[in-house]
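What follows is one structure encoded as structure tokens, with my remarks underneath.
The values are calculated or read from the model by the stated rules, or taken from the named source; none is laboratory data. Just so you know, these numbers come straight off a predicted model, no measurement behind them. Positions of Cβ are generated from backbone atoms using ideal geometry, with glycine treated the same way; all protein chains shown enter the neighbour counts. Just so you know, the surface numbers come from the protein's heavy atoms only, side chains and all, with ligands and any DNA or RNA stripped out. Shrake-Rupley method; radii C 1.70, N 1.55, O 1.52, S 1.80 Å.
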Amino acid sequence: MKLNENLSCSALPFIHYDRTQGGCEPLSLIKTTTTRGDLVLSDRSHFNMSSRTTRSSTKRPAAEPDSPSTPSSASDLKRRKKANTKPAKPSAKSSSNDDPAPTEALQIVEELGDIFSAPPNTLIIHACNCDGSWGGGIAKAFKDRYPKAYDEYAKHCDLHGHSLLDTAQLIPPVDAKIPGEEGSKGDDKEVPKHFVGCLFTSRHYGRKKDSPARILEATKPAMQDLLKHVEAWNSKAKQEDCIAEVRMCKINSGLFAVPWEKSKAVLERIDISSSDVKVIKIVSPKA
Ligand SMILES: Nc1ncnc2c1ncn2[C@@H]1O[C@H](COP(=O)(O)OP(=O)(O)OC[C@H]2O[C@H](OP(=O)(O)O)[C@H](O)[C@@H]2O)[C@@H](O)[C@H]1O
């Protein structure tokens, strides 16, 4: 693929980006980042596993408490586990009432439509539990549409368990094509190049989900963590691989049972003066 170094991510909507520090990495490598902002390169084959693990919606055993919180690749996870390092975790003590007014606030724009009919290079965000379950609500739709992204999420939960609360996972586009049944290649389904953003706002799902107050408390640091991942990704990605638009559902407002206006108020207190992402589109289905 030919690179155009004259183009920058600043040409893309929603992203203000200085590409002077950008680098060109081989296309065979996937770039992921840690909470500390380290860039981690992994062979793309890791993200394109042909066999999909079947996950049940049953509770998983929590990972060891000293496991790192948000690395985004298996190689990074292993490296960290071996080194027994613990990345800094964003503070969980933020609330919309205590926070100072942001210098530049994250803009939340609401519209009706199909969240998944987004153009390529869109990041689509939803709220997640730390148990490795995308069993209901919009999470089930994510699992059906992005099965390999689900595998990445479930692996992340297996390795880090409840230490993921207050953090986020950025999953690069790994579901370019969902294979059809064996021997019927014509049934392969094309999937746009979408990034998936997981906000870990509750440890458990279902009846064991965290309280609305704790879910709200996790919402801000989780989103801040995701914005850092986006910034790190875009600072290194080629122009055609940059995240160009960010969409989200009304997180926490369904199965997590937190009124949307409360989550929205928390999100609108996030300072984005040093973030690439200025606007998040909230896309809800037409009635
Ligand atoms: N197909 C669809 N297309 C478009 N929009 C859809 C939709 N389905 C629902 N919505 C809307 O999307 C918003 C969020 O509502 P949700 O209930 O999904 O998510 P939430 O953030 O409250 O809770 C997270 C937990 O729900 C999951 O299920 P499990 O726990 O695994 O069972 C996760 O894994 C977490 O644990 C609401 O505005 C819904 O109207």
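At-a-glance table
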item	result
Answer residue from the stretch 247-287, given it is part of a loop (DSSP other than H, G, I, E, B) and among the small types (Gly, Ala, Ser) and is least open to solvent (accessible area, probe 1.4 Å) among those	SER275
Residues (of a type in the set (A, V, I, L, M) and within 17 Å of PRO285 (Cβ to Cβ)) located in the stretch 104-153	VAL109, LEU112, ILE115, ALA118, ILE124, ILE125, ALA127, ILE138, ALA139, ALA141
Index of the failed condition, ALA222 passing every other in (1) within 17 Å of the chain's Cα centre (by Cα); (2) part of a helix (DSSP H, G or I); (3) surrounded by fewer than 23 Cβ atoms within 10 Å (Cβ to Cβ)	(3)
Residues (farther than 22 Å from LYS264 by Cα and more than 10 Å from the ligand (Cβ to nearest atom)) located in the stretch 123-149	TYR146, PRO147, LYS148, ALA149
Odd one out for LYS238 among (1) closer than 23 Å to CYS157 by Cβ; (2) in contact (Cβ under 8 Å) with a residue 12 or more places away in the chain	(1)
Lone unmet requirement of (1) under 20 Å from ALA139 (Cα atoms); (2) open to solvent by 10 Å² or more (accessible area, probe 1.4 Å); (3) of a type outside the set (Ser, Thr, Tyr) for VAL196	(2)
Within the stretch 102-122, considering residues that are assigned to a strand (DSSP E or B) and either free of Cβ contacts under 8 Å to residues at least 24 places away in the same chain or open to solvent by 10 Å² or more (accessible area, probe 1.4 Å) (or both), the one farthest from LEU267 (Cα to Cα)	LEU112
Verdict on ARG214 being open to solvent by 50 Å² or more (accessible area, probe 1.4 Å) and farther than 28 Å from PRO120 by Cα	no
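A quick yes/no check of all residues on (1) touching a Leu at 6+ places or on another chain (Cβ under 7 Å); (2) assigned to a loop (DSSP other than H, G, I, E, B); (3) modelled with pLDDT of 90 or more:
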position	(1), (2), (3)
ARG60	no, yes, no
ASP66	no, yes, no
PRO90	no, yes, no
CYS128	yes, no, yes
ALA139	no, no, yes
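Table: residues versus (1) over 14 Å from the mean Cα position of the chain (by Cα); (2) on the phi > 0 side of the Ramachandran plot.
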{"residue": "ASP99", "(1), (2)": "yes, no"}
{"residue": "GLU104", "(1), (2)": "yes, no"}
{"residue": "GLN107", "(1), (2)": "yes, no"}
{"residue": "ASN121", "(1), (2)": "no, yes"}
{"residue": "ASN129", "(1), (2)": "no, no"}
{"residue": "PHE142", "(1), (2)": "no, no"}
{"residue": "ALA149", "(1), (2)": "no, no"}
{"residue": "LEU159", "(1), (2)": "yes, no"}
